[in-house]
1. Within the stretch 185-215, work out how many residues are more than 22 Å from the chain's Cα centre (by Cα) and either among the aromatic types (Phe, Trp, Tyr) or not in a helix (DSSP H, G or I) (or both).
2. Grab the helices (runs of 4 or more DSSP H) fully contained in the stretch 3-90, keeping just those with 3 or more residues being modelled with pLDDT of 85 or more and closer than 30 Å to LEU347 by Cα.
3. Out of the residues in the stretch 467-487 that are crowded, with 24+ Cβ neighbours inside 10 Å and of a type in the set (Ser, Thr, Tyr), state the one that is modelled with the highest pLDDT.
4. Check off (1) modelled with pLDDT of 95 or more; (2) under 20 Å from the mean Cα position of the chain (by Cα); (3) of a type in the set (A, V, I, L, M); (4) not in a helix (DSSP H, G or I) for VAL496 and give me the number that stays unchecked.
5. Pick from the stretch 371-420 the residues that are modelled with pLDDT under 80 and of a type in the set (D, E, K, R): which of them is nearest to the chain's Cα centre (by Cα)?
6. Looking for something buried (at least 20 other Cβ atoms within 10 Å of the Cβ), within 19 Å of the chain's Cα centre (by Cα) and over 17 Å from ILE65 (Cα atoms) - is there at least one such residue anywhere in the stretch 312-330?
7. Given the criterion outside the structural domain of PHE320 (by TED's automatic domain parsing) and not aromatic (Phe, Trp, Tyr), identify the matching residue among LEU78, LEU9.
Amino acid sequence: MSEFGALSLVPPVLAIVLAIVTRRPILSLFLGIWSGGVIATGSLGIGQTFAWITESIGDVFHANILVFTLLLGSGVALIWRLGGATAVRNWATKRLETQRNTGLATWVLGILMFFDDYANTAIVGSTMRDISDQFRISREKLSYIVDSTAAPVATIGISSWVAFQLSMIDEGYGVIEEDHGVETPGIFETFVGSIPYNTYALLAILMVGIIVISRRDYGEMLDAEHRSWQTGKVNRDDAQPLQEVEADLSPPIEDRPMLRTFFAPIVVLIVVTLAGAFWTGYQEWIDEQAEEGLPTTLEAAMAEEGTLQVIVDVVGAGDFAAALVWGSFAMVFVLIVIGLAYDLFDLGESVETVLEGFSLMLTAVTILVLAWSISAVAESLGTGAYVAGVAEDVVSPALLPIVVLLVAAFVAFTMGSSWATMGIVTPIALPVAYELTGTFDLMPVMVGAVFSGAIFGDHTSPISDTSVLSSTFTGADLIDHIRTQLYYASTVMLVVVVCYALYGYLGVPWTVFLPIGVVLLVGLVYGLSELDAMRKGVDPKPSSVEAQSGAAVEANGSGQDDPGRE
């Protein structure tokens, strides 16, 4: 239990409330960190405040992500400058033809980028931003699609997330073994068994598909989509996008727009990143296998441990943060080579464009650093431990999955980090489940509940790094993204609670409650969209409404009067 008790909640909650009310995330985050310094020191706390900030920058993982973000900004700037965005926009406009197809393409691309949530948001957001603008999809909607297929996909795919999740299961089992001297189940077996109970991640991915295919919206997203469709304003008038390519960069060179200028660097980014992750993971895996006296060749290990287990171990052991830096640098290098080879700019202009890309990311980088700092504040004050401790003694086996889900959600919401939440809650939830039941039957459910709650909290928190990056690479206002996504994330969370209640109180297996959850989700989308549209006096499918004469904008150079036709 935290020595600061309920006071440990003040910094993150203050930062979140101020960010939502003032729409100024940088100021709000700093004030939240400063309040933590005051609480921790009992004085003005300035020294402690900046200590947390500088420590967050100095963390090797965080430093790698900052370099990756800056290099990605340069990659975006170079693609824009060389006319790659123009080329892909012209190409996609002729093929995607509708808002629905554009949304589906974004959704599928997000699912395919399963190997890392940061790379997912960067690649999908940057790729689809100009195309979605062409079809008058609001930046809020695009940011939602990107954010809701980043972490949920990474948490169930072969990625750095899986390795971390396996290590947290191991931590929880270690506590049980130490306290009770019993043999625990296999870690990988528990993880695989937890996937159906990671219900929020599964349904969040599905929710995006339902929204895109049905073209129905509700809550503030309905307002955003009507605004974008009828006026062509993909962001509201007083929005503060974390990245605005058109305003912050030099005009693009459009005399020779080439698709290779867009796709070649993206492919290089993916290939180099995956190769780097596999290489670093392979070296680490060999060392670990040798220490434990296990086979150190892939063939022998796969024969003994199983192919999937070895792949997860190797990829999961990789240094994804470093690999992302290598991939983004390779992307920038290839773009400069293309620009020089085709005589699109000289070396001096290429350097200027790279620096413009750095400038493009300064706001996002600042918010990332402050978001990590507020997470460090919460960790230092024991926020997560306090919340988990409060809930620990008020549960029954039937209610336990829901309690763990909600605790993980609140911890992630206040800390802004799925990983920090998993690290805090998993080693507590597993021993509690064993104490209550005396068996390991609930372990996959507990793991799924922790992961589900962590991702939900991440999706609804304005101090979440993935929310910041999703807003950055889609060019959305961070607070607008959170406010619009909140309605959809909460709908999914409600269905997850129902599914867990069916399991806990009626013994309904996941093979039954998951289909029930899907049906309930579809029903809620249709019902809530109809009710909200009726209340507002608008159509629940914004793009089905004819654009208002005089207010509508034609798609940029496409010559289409109705880019959202079905």
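1. 4
2. 60-81
3. THR484
4. Against the list (1) modelled with pLDDT of 95 or more; (2) under 20 Å from the mean Cα position of the chain (by Cα); (3) of a type in the set (A, V, I, L, M); (4) not in a helix (DSSP H, G or I), VAL496 comes up short only on (4).
5. In this case the residue turns out to be GLU392.
6. Scanning the stretch 312-330, I find at least one residue that is buried (at least 20 other Cβ atoms within 10 Å of the Cβ), within 19 Å of the chain's Cα centre (by Cα) and over 17 Å from ILE65 (Cα atoms), so the answer is yes.
7. Every option except LEU9 fails the conditions.
Here is a yes/no grid of residues against (1) without any contact (Cβ under 8 Å) to a residue 60 or more places away in the chain; (2) farther than 25 Å from LEU506 by Cα; (3) among the β-branched types (Val, Ile, Thr); (4) in the same structural domain as LEU502 (by TED's automatic domain parsing):
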| residue | (1), (2), (3), (4) |
| --- | --- |
| ALA412 | yes, yes, no, yes |
| GLY416 | no, yes, no, yes |
| ALA429 | no, no, no, yes |
| THR439 | yes, no, yes, yes |
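The values are calculated or read from the model by the stated rules, or taken from the named source; none is laboratory data. Everything numeric in this text was worked out from a predicted model, so none of it was measured. Positions of Cβ are backbone-derived with ideal geometry, glycine not excepted, and every protein chain shown enters the neighbour counts.
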